[in-house]
Structure formats: C-alpha cells, structure tokens
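Take a look at the structure below.
A short reminder: the numbers here are calculations on the coordinates, not readings from a lab. All values reported here derive from a predicted model rather than from experimental measurement. Neighbour counts run over all protein chains shown; Cβ positions are idealised from the backbone, glycine included.
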Amino acid sequence: MADSTLIDTLHFPEDAPVQQYEIYGDDEKTPTYAVISRRDGDSWQKLDETLSFAAQDEQEETGTMDYGYSDSMPDLRDLPAEARERCEQHWQKSNTI
C-alpha cells in the first residue's frame, strides 16, 4: 500500500460531505482499494474499513494462474469509473441504516 498512487478523492454527500473515499491503485488506471474516512469536526478520521476493487481481485487471480493473456483483461474496462461507482454504492448502503 505504501507505493500506491492516489487516483481520486470522493466526498459524500457532495453538498455537505461527511464521508470521504480516497481511491488508490498501482497507477491512475488500476484502482485496487479505497480508504474510507469520516468527518470529525474540521478533519477526517480514517475508518478501519477499506474497499477493495476488481483490479486487486483480478491481480490475485491471475497471479495464481499461468494464463498470460488474462493479464490484459482489466484494460478493457473503465476501472476508475467502476471504483467510483462502488464507493457511491457503499456510501448509499452505509447511510440507509
């Protein structure tokens, strides 16, 4: 995680943010996880929970298989957009309780 690149930072709700998602990856096109923080006064406090994305899962799967052609599969999709969508879904789910 130390060598990860910050891809995007999302705030929910947009008009008065109380939750933040920092999306990180191996590069700007390959998100692997998001760090979730909650507003605490004027600062953000990181939660113990993180989200992992398909790129991370696919890397782990292709690492255990000997199929060289599978390595390019994530390039066919817009992984950063999928990661942003997952963060928004997580936000909506966590605030309907």
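Values for this structure:
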quantity	calculated
5 angstrom amide H check on Leu47, placed H, neighbours 5+ away	Ile36, Ser37, Arg38
Packing-based exposure ordering (other Cβ within 10 Å, fewest first) of Glu85, Glu14	Glu14, Glu85
12 Å beta-carbon shell around Asn95, net charge (K/R +1, D/E -1)	+1
